[in-house]
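To start, the structure itself, in structure tokens.
The values are calculated or read from the model by the stated rules, or taken from the named source; none is laboratory data. All figures in this text were calculated on a predicted structure; none of them were measured in a lab. Here the Cβ positions follow ideal geometry from the backbone for every residue, glycine too, while neighbour counts run over all protein chains shown. Side chains are part of the model used for accessible areas, which takes the heavy atoms of the whole protein and leaves out ligands, DNA and RNA. Shrake-Rupley method; radii C 1.70, N 1.55, O 1.52, S 1.80 Å.
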Amino acid sequence: MHRLLEFILGLDKGFLSREGELSLQFNPHWPLQDYVGAASWNVVLAVLTALLVWYVYRREGRSKPVRIGLGILRGLLLAFVLMLLNRPVLTLGQSRTEPSVLAVMIDDSISMRVRDAGNGADGKPLTRLDAVKRLLSPSDKSLLNELSKVHQIRLFTFDRDKQPVEKDAIAKLDPQGQHTQVLASVRSVLADLQGQRLAGVVVLTDGRETPQRPVAEGLAALKDFGVKVYPVAVGSDKQPTNIDVQAVSVQDSAFKGDIVNVKATVRGTGYERGHVVLLTLRDKKTNRILPAPDGKLDQRVTLDGDAPVEAELQFKPEEVGTLDLVVEAEKEAGEIDDEDNARTAQVAVLDAKLAVLFVDGSPRWEYRYLKNEMIRDKTVDISCLLTSADPTFAQEGDKPIKRFPESIEEMMDYDVVLFGDVDPRQFSDAQLQLVADFVAKRGGGFGMIAGPRWSPQAFKNTAIEPILPVVISRVEADENPAPITEGFRPLLTREGQSSSIFRFFADKTENEKFLTEGIQPIFWYCKGVTPKPGTGEVYATHPTETAPDGRKAPLLVLGRYGAGRTLFSAIDDSWRWRFYTGESVFDTYWIQQIRYLARSKKLGQRKLTFAAMRPTYEIGDQVRLSLRILDPQLLQQLPDQIRVEVQDGQGEVVRHETLIKQDGQPELYAGAFTADRVGQFTVKLPPIAGGIEEMQVPVSVAVPRLELSQPQLDRTFLTRLSAETLGQTVDLADATAKLPQLIQSAAKVIPVETSRPVWDAPLALAIFTLLITTEWIVRKMFGMV
């Protein structure tokens, strides 16, 4: 039936089936209508129509009833035409509702990991994000369900910027954002939702912006949108407590039985000055506590407010191989982050047995004491060569020799070569070049102990000069030195203080006191040397005198050359430390130097090294890995790319990476990946050839310090945000009760009228035709045509 009416009225299909109210309206367009009005035209035309009907039928000769009937028909016809001239339209009155939209923003930055948002059902502290998840959980009376009864909800997460998120994904959110930008994120949401009926923005956050930006400018930009912001305060106003092992440093290699110093930087927040933290050192693989040399199982560290404190732990490695260390601070109740109490480091434990070739010109005191000390030390096999001795003299040492090596095969019997004050003319050019190749290509160690006659000045323009860690161009021979009556004690640099070379006592304070007050003064040193830029690292200097470069004169300089390590000692009377102080000081001083020189060659016996650039990273940093192949034969067997896998703390593989052979350095494979998750990870290199075992590198990814430097709730900022936008700050516990009442619907009902003309519809034509035909037929019947 509707379709028939739609056809008769000339309407679109389905027009009459739509919901709404139908009405007939007129839309006339008369000349001068704006001035005289449509009603005037209709009155005039109606009068003229009536007059016309009266005039026509007044004089007709038929009976009065007939004339009246025909006049009515003519009047109806003209009235219908007048109605059509007023353009009748059929109007369908409807309405549409623009829904109220509410944006809900969830902070998922790292500060939302803080456990200060109440307790869960199990009684354990909740993280801030977990508390937000519980608030937005899909229960019948959850905040989202209450708000969705009135508003359409748009969900976003944010840290530096906003990201849309689905409701089902809230439970899977993980706080990993490195920065928090509340104002910028809110502004971005408002820009995205412009043009919609926005009732407000709910921001679930701790309000701690990192890095801080100008607040006034950001608030002014928000006010321009005219939308109310309702911050929900998540977290505690009080500074939370936390203990963080920020960094761990240890030498890359050590020898079995040596005392190894592990330095840790510990920072506590929220604790009073003087709070004591217990540190332990563990073997990561066995979880066994590594005791200190004095048997202690832990180290007590006293916090200095919020300032970082350095602590030192010591142990003696017992087995050769790669040792993964874990420095762990005892966890305390209420800490904001329970994943930063431990940091890992790795040290290669080497075989302690070393082969040393010691060459000197004459049996001076330094030679005698050092030779005797090395012979007594069970970890050193020393071969001595005294060039001034008679050819029949029986050279001394654990493995006596009669001449200096003449081939690289003979040289490789040693780990370290030491030159004392020896005349370079005792060697052929080929033998000196042999020493340089031994260091540069084979990873050997070379040290020179200065003397007044030959070393180092006589070695200018020889193959030895390039491998020294010092510049010797300004050194002159001191064959007739004036008597020296005043001694001095070496002044340690930062590198020297952290080195085991000058670590004579386990207690750090006692050791420092001994170096400044107790150690026997020395008298002579080689003047004129300077450290080579980028190569030589100064460990000890003269306390007052300066070198040609204006800096304090160096006494002990260590360095690297090619694959090996080098050392230059500018003093020749360290024997006094043995004579006056005892064997332990002198032995420690020289054994640690020799072991430093031997490390590269000992590491080279492992055929390869696998390491990360550093053990600890922050989210977003590039973790750089390097694999160096030290065995030429192994290098020929390997492809151009080697795969490694990264495992998390639970042993699950989280990613695979590729190490690529580097152009120009065929022995080096390198790779990198972005640290995108917080935690402890292990990079595993599978066995890459026969006889090569799996290797592991620990990597720790830490929370950026900026996010947790002041993680307490910033209520002042949130209050200002709500006040400037005419919203209101609500506590997390009150959010479900208050927010549905505070946030009024912004929905709007908009009337919609759809008009269709009916003056040109088939029905109009039919009615007109019917009226005019009826009048003609009647007139015909009565003979009036």
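What is the Cα convex hull volume of segment 661-785 when expressed per residue in Å³?
530 Å³
Any chance you could look up the accessible area of residue 504 with a 1.4 Å probe, heavy atoms only, rounded to 10 Å²?
Approximately 30 Å² for this residue.
If we sort 386-399, 174-187 on the protection proxy, mean other Cβ atoms within 10 Å, highest first, what's the order?
Ranking, from highest mean packing down: 174-187, 386-399.
Using just the alpha carbons, could you tell me how many Å³ per residue the convex hull of segment 244-309 encloses?
With only Cα atoms used, segment 244-309 gives 102 Å³ per residue.
Normalised by the number of residues in segment 580-676, what is the relative contact order in percent for Cα pairs under 8 Å and 6+ residues apart?
26 percent
So if I place +1 on the C-beta of Lys and Arg and -1 on the C-beta of Asp and Glu, and nothing else carries charge, what would the dipole magnitude of segment 214-266 be about its Cα centre? I want it in debye, nearest 20.
That gives segment 214-266 a dipole magnitude of about 140 debye.
In Å², and per residue, what accessible area does the chain have when probed at 1.4 Å with the other protein chains present?
With the other protein chains kept in place, the chain gives 49 Å² per residue.
Considering only 41, 142, 119, whose Cα is most displaced toward the positive end of the charge dipole of segment 4-151, charges sitting on Cβ of Lys, Arg (+1) and Asp, Glu (-1)?
After comparing all options, I get 41.
What is the dipole size for segment 295-423, taken about its Cα centre, with +1 at each Lys and Arg Cβ and -1 at each Asp and Glu Cβ, in debye to the nearest 20?
1080 debye
Under a crude label model (7 Å from the Cα following the beta-carbon direction), how far is residue 513 from residue 306 in nanometres?
Placing both labels 7 Å beyond Cα along the Cβ direction yields 3.5 nm.
Could you grab the relative contact order for segment 526-634? Cα pairs under 8 Å, six or more apart, rounded to a whole percent.
Computed value for segment 526-634: 16 percent relative contact order.
Over segment 489-591, what portion of Cα pair distances is larger than 25 Å, expressed as a whole percent?
18 percent
Projecting each Cα onto the charge dipole of segment 552-611 (Lys/Arg +1, Asp/Glu -1 at the beta carbon, about the Cα centre), which of 553, 588, 609 comes out farthest on the positive side?
Of the options given, the answer is 609.
Figure the gain on full extension for residue 413 and residue 670 (residue separation times 0.36 nm, minus the Cα-Cα span) and round it to one decimal in nm.
Contour length minus the Cα-Cα distance gives 89.4 nm.
In terms of solvent-accessible area of protein heavy atoms at a 1.4 angstrom probe, what is the ranking of 580, 369, 414, highest value first?
Largest accessible area first, the list is 580, 369, 414.
Can you compute the FRET efficiency between residue 544 and residue 583 using 1/(1 + (r/R0)^6), with r the Cβ-Cβ distance and R0 = 35 Å? Round to the nearest 0.05.
E(calc), rounded to 0.05, equals 0.75.
Between residue 133 and residue 636, what is the spin-label point distance in nm, taking each point 7 Å from the Cα along the Cα→C-beta axis?
Rounded to a tenth, the inter-label distance reads 5.6 nm.
Stretched out fully, how many nm does the piece from residue 148 to residue 98 gain, at 0.36 nm a residue minus the Cα gap?
Taking 0.36 nm per residue and subtracting the Cα distance, the gain is 16.5 nm.
Considering the zone a paramagnetic label at residue 388 would reach in this model (a point 7 Å from Cα along the Cα-to-Cβ line), which residues of segment 403-432 have amide N under 18 Å from it?
Once the point is set 7 Å along Cα→Cβ of residue 388, 419-427 turn out to lie under 18 Å by backbone N, inside segment 403-432.
Among DSSP bridges having both ends in the chain, what percentage is antiparallel? Round to the nearest 5.
Around 70 percent antiparallel, to the nearest 5.
Can you tell me the FRET efficiency between residue 395 and residue 663 if r is taken as the Cβ-Cβ distance and R0 is 41 Å, rounded to the nearest 0.05?
0.30
At 1.4 Å probe size, with the rest of the protein present, what percent of the exposed accessible area of segment 149-283 is carbon and sulfur atoms?
Here it works out to 45 percent.
Residue 423 label point, 7 Å along Cα→Cβ, cut-off 17 Å on backbone N: hits in segment 329-370?
Once the point is set 7 Å along Cα→Cβ of residue 423, 359-364 turn out to lie under 17 Å by backbone N, inside segment 329-370.
Which whole-number percent is the relative contact order of the chain (Cα, under 8 Å, 6+ apart)?
15 percent
Hey, what's the Kirkwood Rh for the chain if you take every pair of different alpha carbons, in angstrom?
The answer is 34.7 Å.
How big is the dipole moment of segment 419-554 about its Cα centre under a simple scheme where the beta carbon of each Lys and Arg is +1, that of each Asp and Glu is -1, and everything else is neutral? Debye, nearest 20, please.
My answer is approximately 300 debye.
Counting only the backbone N, which residues of segment 634-657 are under 17 Å from the spot 7 Å out from the Cα of residue 339 toward its beta-carbon?
646-655
R0 = 25 Å: FRET efficiency of residue 654 with residue 693, Cβ-based, nearest 0.05?
Efficiency, rounded to the nearest 0.05: 0.65.
Taking +1 at the Cβ of each Lys and Arg and -1 at the Cβ of each Asp and Glu, which of 659, 675, 695 sits farthest along the dipole of segment 638-736 towards its positive end, judged by Cα position relative to the Cα centre?
The residue sitting farthest along the positive end of the dipole is 675.
Could you calculate the contour length gain from residue 378 to residue 759, that is, 0.36 nm times the residue separation minus the distance between their Cα atoms, to one decimal place in nm?
125.2 nm
For 656, 542, what's the largest-to-smallest order of accessible area, 1.4 Å probe?
Output order, biggest surface exposure first: 656, 542.
Roughly how many Å² of residue 124 are accessible to a 1.4 Å probe, to the nearest 10?
We get 130 Å² for residue 124.
How much of the accessible area of segment 474-563, probe 1.4 Å, is carbon plus sulfur, in whole percent?
Roughly 47 percent of what the probe reaches on segment 474-563 is carbon or sulfur.
Expressed as a whole percentage, what fraction of the accessible surface of segment 572-709 belongs to carbon and sulfur atoms when a 1.4 Å probe is rolled over the protein heavy atoms?
Answer for segment 572-709 is 44 percent, counting heavy atoms of protein chains only.
Where in the chain are the DSSP H helices whose alpha-carbon span along the long axis reaches 18 Å or more and whose Kyte-Doolittle mean is at least 0.0?
Once both thresholds are applied, what remains is 38-58, 64-85, 762-781.
For the residue pair residue 259 and residue 215, what label-to-label distance in nm results when each label sits 7 Å from Cα along the Cα-to-beta-carbon direction?
Label at residue 259, label at residue 215, 5.2 nm between them.
Which Rg and Dmax, in Å, describe the Cα atoms of segment 15-114?
Reported Rg and Dmax, both Å: 29.3, 108.
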